[in-house]
């Protein structure tokens, strides 16, 4: 791209999130706001003017539902323009939006709808509403249900249930565009329910000012332009995607393209050719593992050339960052970049200016690999309670072991037990209907307890562990299981893992095997892949322990896995063993495998 131009809307001018949209439509009416895929027409686009006209229709429909400012409305949608339309239309009426995950369990979603007393619910399709309706039962909320996708079943439900309407019939054909409303920046904009790994989710109350300040501050770390194309595939229900991939691009006038699905991500990146992408580490880990698998089958000279390119690329990255001087390998880098690195980056669209990883720790080996190939991969850190960004790595000062530097207006400090404390305009108003939980994490003077352990070196923040997740062995040794689990999961054979040992004399692990590799592994050990008993084969288990120990070779001696339990059943949202933000529910997994765990600790040494 030959020219990059900035067009940032200030917080003061926007006032509210719907005010931000109001000014964006007027500033950039003919620029493309969104790209999305239509099954019949292929890739389509919406200009800011067209989006403004659509939001006006959704606003008029909501205005006809006898709602008052402060009432809650919710959406259960995959990423699409209608998600944005509903959110902005609701906010322009002073309503509070409550996003729900499309793949969350129905009983969990039903709890949120009741806890927030949601009056209007926008649902993707009839099938999702039927599952939700069964969980809701005779509860009074919601009072209106709007089905986005039409069809015979949607029309039937609308005919038998007075609450249900089909969006096409519910929306007016046209509506006048609203003027900017007068509203307090500190007023409640949304309630985002955290998918806690234990107990019921808590509703995080975020104001317009929380989200505007977070978006604006993030732009001071990473410049964004009107010509940028953001790839959106994390759910908009996820705070990181909502702020970084929705409100921030609106503030900068950038285009957002909605990916079709994770399965079609590689194809979409070729079509969209994004310049900015926000993702969770698992996306980068899978690409890394796939490249490693492919390399393992290539001739030795090809593998050697690739390793040389990574070594030269890392030297170049360190030199550009000002952390290393000249080295002979740098002479080879231009040729290696063209021959080895460029084809890999072309698979990601070929013009990525920044790829941001957040939501979980990014393995150093993965970060180093992509940085060596020339991908500007930046790690960040945040919480739903902080809108969500606290830190992010600058392009010019990128230390992959750290989670970056605090964004503007955010203060951090280390408290008791090395806990990271955060204060700033991005910190939540509190938890909805839960004053006790609010008081536990927010101090009187506004410091938020993150629950994460950290150290601060210069201006860079390093996350070192999770206070609640530290395992204390019976000998007093303290072990951070998340670090071990991350190292184990880097082996492509192990899809998921949790490490156990609280109060015990040694560590054990529960591990989910990669189903695609199981047949080959079973045959290698002379086992029947169709028999569940094969997973308990003593010889297999001993070899898996050796493989895990190899993955943990860089850890202290006391962080050694003695026994393992293997399973082929993945831990998913559907079976209740993972949150919608893809965090393993440790307590539920332990309960599910309690008998196997006890057996690992009662077997003869």
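Quick notes on this one:
- Stokes-Einstein, applied to the Kirkwood radius of segment 273-315 over Cα pairs at a viscosity of 1.306 mPa s and 10 °C, places its translational diffusion at 130 µm² s⁻¹.
- Only helical runs count toward this figure. For the chain, summing -39,500 (n - 2.57) over DSSP H runs of n ≥ 4 and dividing by all residues gives -10500 deg cm²/dmol at 222 nm.
- The Stokes-Einstein estimate for segment 320-467, based on a Kirkwood radius over Cα pairs and taken at 37 °C with 0.692 mPa s viscosity, is a diffusion coefficient of 191 µm²/s.
- Hydrodynamic radius (Kirkwood) for segment 207-410, which is based on Cα pairs only, to one decimal in Å: 17.6 Å
- Contact order for the chain, expressed relative to its length and based on alpha carbon pairs under 8 Å spaced 6+ residues apart, stands at 11 percent.
- Stokes-Einstein D in µm²/s, Kirkwood radius over Cα pairs - segment 362-445 at 4 °C with 1.567 mPa s viscosity: 89 µm²/s
- The ellipsoid that matches the Cα gyration tensor of segment 462-511 has semi-axes, each √(5λ) in whole angstrom, of 20, 14, 7, with the longest given first.
- Net length gained if the chain between residue 311 and residue 365 were fully extended (0.36 nm per residue, minus Cα distance): 18.2 nm
- The tail of the calculated P(r) for segment 136-222, taken as Cα-Cα distances beyond 23 Å, holds 58 percent of the pairs.
- Highest-first packing order for the peptide set 81-88, 485-492, 65-72 is 81-88, 485-492, 65-72, based on the mean count of other beta carbon atoms within 10 Å.
- In percent, rounded to a whole number, the relative contact order of segment 178-264 is 24, using alpha-carbon pairs under 8 Å and six or more apart.
- Peptides 306-314, 13-21, 345-353 ordered by packing proxy, namely the average of other Cβ atoms within 10 Å per residue, highest first: 13-21, 306-314, 345-353.
- Cα-derived Rg over Rh, computed across segment 470-602 with Rh taken as Kirkwood radius: 0.95
- Angle in degrees between helix 106-115 and the longest Cα principal axis of the chain, rounded to the nearest 10: 50 degrees
- Average Cα contact separation per residue, segment 503-605, under 8 Å, 6 or more apart, as relative contact order %: 30 percent
- Cut-off 18 Å (backbone N to label point 7 Å along Cα→Cβ of residue 475), residues of segment 573-605: 601-602, 605
- Inverse mean reciprocal Cα-Cα distance (Kirkwood Rh) of segment 397-484, Å: 14.6 Å
- Taking only the Cα atoms of the chain, the radius of gyration and Dmax are 25.1, 76 Å.
- By DSSP, the beta bridges lying fully in the chain are antiparallel in about 55 percent of cases.
- The percentage of C-alpha pairs in segment 14-183 whose separation is greater than 22 Å is 44%.
- Among 228-240, 460-472, 118-130, the order from most to least packed when residues are scored by Cβ within 10 Å on average: 228-240, 118-130, 460-472
- Here segment 1-99 is described by how far its Cα atoms reach on the three principal axes: 49, 41, 21 Å, from widest to narrowest.
- Expected-Rg normalisation [2.2 N^0.38 Å, Cα atoms] applied to segment 233-334: 1.41
- Mean projected area of the convex hull spanned by the Cα atoms of segment 104-260, taken over all viewing directions: 12.0 nm².
None of the figures in this text is laboratory data; all of them are computed from the coordinates on show. The shown structure was predicted, so the numbers you read here are calculated from the model rather than taken from an experiment. Quick reminder, even Gly has a Cβ in these numbers, built from the backbone with ideal geometry, and neighbours come from all protein chains shown.
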